[in-house]
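The values are calculated or read from the model by the stated rules, or taken from the named source; none is laboratory data. Here the structure is a predicted model, which is why all the values come from computation and not from measurement. Note that we place each Cβ from the backbone using ideal geometry, even for glycine, and neighbour counts take in every protein chain shown.
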Amino acid sequence: MKRSVKVALKFATKSKQRQIFALLQSYRSAVNFYIKELWNTKRLKDADTLALLENSRLSERYKQAALKQAYDLVISTKKSSKAIKKHCSRPVFNGSAILDSRHITIEQGEGSFDLVLKLSTLKKGRRIVIPTKHTQMTRKWLSIPGSKFIQGCSLSEKGITLWIDVPVIAENSDGKTLGVDLGVHKLISDSDGKFYGIDFKHLSDKIRRKKFKSKARARAFKERENFIGRAVNQLPWKELKVIGVEDLTGIKTGKQRNRGRNFRKAMAPWIVRQCVKRIENKASENRVRLIKVDPSYTSQTCPSCRKVSKENRRGEVFKCIACDYTGDADYIGALNILFRTRQTLTSV
């Protein structure tokens, strides 16, 4: 499995940092140039597109990386536009440069520095040497036998993201099975009756109040990312063998009954994919098997008599109209996810 770790640029000299910033500026300009050329073109060959960029200080290798990143961004944007059935404008790239072994080499350091990064810049034929140190995360992943750095990086002004190839470890043979329900009010509810991220609704409302594309909104997004990470980390990973989650693909798209403007507005700050991805990563790290189940009617099904009715749920409260079984609606959802997870395990 592939794991990402961040290392700082603070040990690079001011001169080297200026070279990195100049490289990023030229690289982003190249990516945006290629996006413009590719946006309305279907049959242009890579070699022809590559040659269109003139008077650039980038080497041919950097141009190739910029073209690939532009192509991937154009394709992903058009796929998303098609999936949600909405027109989208041409994207503007201002992110990190994705580089490979042609642009950067990661070597073992000496003395007080654990790592040495050799990065190609705008000065052709010359690489700058960036010393840096291991972080808690690099030590964690490299401590696993067989782990090694992948020669490549994601480069930005804030730092360098490296990738470590970690051998896949066999899943746990002992432990319990847990069902988790992802919600808008309480981020995670599990089948043991515990709740994680109970203030998520407050954070979602905070994001909605921020001005679009403002710095305050960006800070709120970062706060949400950290909030999700903390909530997922609190799950009892050391006790688990299997974890079941809902397959919520496409829940925020499509025109369906009871999914009007207010529903979409409430769901906008809820990042389902980010939360599920975090759970997937933690599951693989802790050798826990992840199973995705059908989310249909999990919060409307009575775990006692199996009666399914939308009248069973009233907001955050569940009360079965058939047997009067009562409980927290999110907890009931987690119980039903656990039930379907065990069904899946039995069928396998």
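Hey, among K211, K222, which residue is at pLDDT 85 or above, assigned by TED's automatic domain parsing to the domain that holds Y331 and in a loop (DSSP other than H, G, I, E, B)?
Values: K222 fails: in a loop (DSSP other than H, G, I, E, B).
Exactly one residue qualifies, and that residue is K211.
Residues in segment 319-342 that are touching a residue at least 12 places away in the same chain (Cβ under 8 Å) and over 15 Å from S191 (Cα atoms): how many?
Final tally of qualifying residues: 5.
It is to be established whether one or more residues within segment 196-204 are within 17 Å of L235 (Cα to Cα), in contact with a strand residue (DSSP E or B) (Cβ under 7 Å, 6 or more places away or on another chain) and surrounded by 15 or more Cβ atoms within 10 Å (Cβ to Cβ).
The answer is yes, given that some residue of segment 196-204 is within 17 Å of L235 (Cα to Cα), in contact with a strand residue (DSSP E or B) (Cβ under 7 Å, 6 or more places away or on another chain) and surrounded by 15 or more Cβ atoms within 10 Å (Cβ to Cβ).
Starting from segment 231-244, take each residue that is in contact (Cβ under 8 Å) with a residue 60 or more places away in the chain and list its partners that are buried (at least 21 other Cβ atoms within 10 Å of the Cβ) and assigned to a loop (DSSP other than H, G, I, E, B), counting only C-beta distances under 9 angstrom and pairs at least six apart or across chains.
L240/V288; K241/V288; V242/V288; I243/L235; I243/V288; G244/S191
Please work out if L235 is farther than 21 Å from K140 by Cα and either in contact with an Asp or Glu (Cβ under 9 Å, 6 or more places away or on another chain) or at pLDDT 90 or above (or both).
Values: farther than 21 Å from K140 by Cα: no; either in contact with an Asp or Glu (Cβ under 9 Å, 6 or more places away or on another chain) or at pLDDT 90 or above (or both): yes.
It is false that L235 is farther than 21 Å from K140 by Cα and either in contact with an Asp or Glu (Cβ under 9 Å, 6 or more places away or on another chain) or at pLDDT 90 or above (or both).
Which of the residues spanning segment 145-177 are outside any strand (DSSP E or B), touching a strand residue (DSSP E or B) at 6+ places or on another chain (Cβ under 9 Å) and among the aliphatic types (A, V, I, L, M)?
To start, the set of residues in segment 145-177 that are outside any strand (DSSP E or B) comprises 145-147, 157-158, 166-175.
When the remaining residues are screened for being touching a strand residue (DSSP E or B) at 6+ places or on another chain (Cβ under 9 Å), the result is 146-147, 158, 166, 171-175.
The one that is outside any strand (DSSP E or B), touching a strand residue (DSSP E or B) at 6+ places or on another chain (Cβ under 9 Å) and among the aliphatic types (A, V, I, L, M): V166.
Only residues in segment 199-213 that are β-branched (V, I, T) count as the first member; pair them with residues that are not in a helix (DSSP H, G or I), Cβ under 9 angstrom, at least 6 apart or cross-chain, and list the lot.
Short answer, once both residue conditions are applied: I207/A268; I207/P269.
Does any residue in segment 107-125 that is within 22 Å of Y62 (Cβ to Cβ) come within less than 8 Å, Cβ to Cβ, of a residue that is among the aromatic types (F, W, Y) six or more places away or on a different chain, and which pairs are these?
Cβ pairs passing all conditions: S120/Y62.
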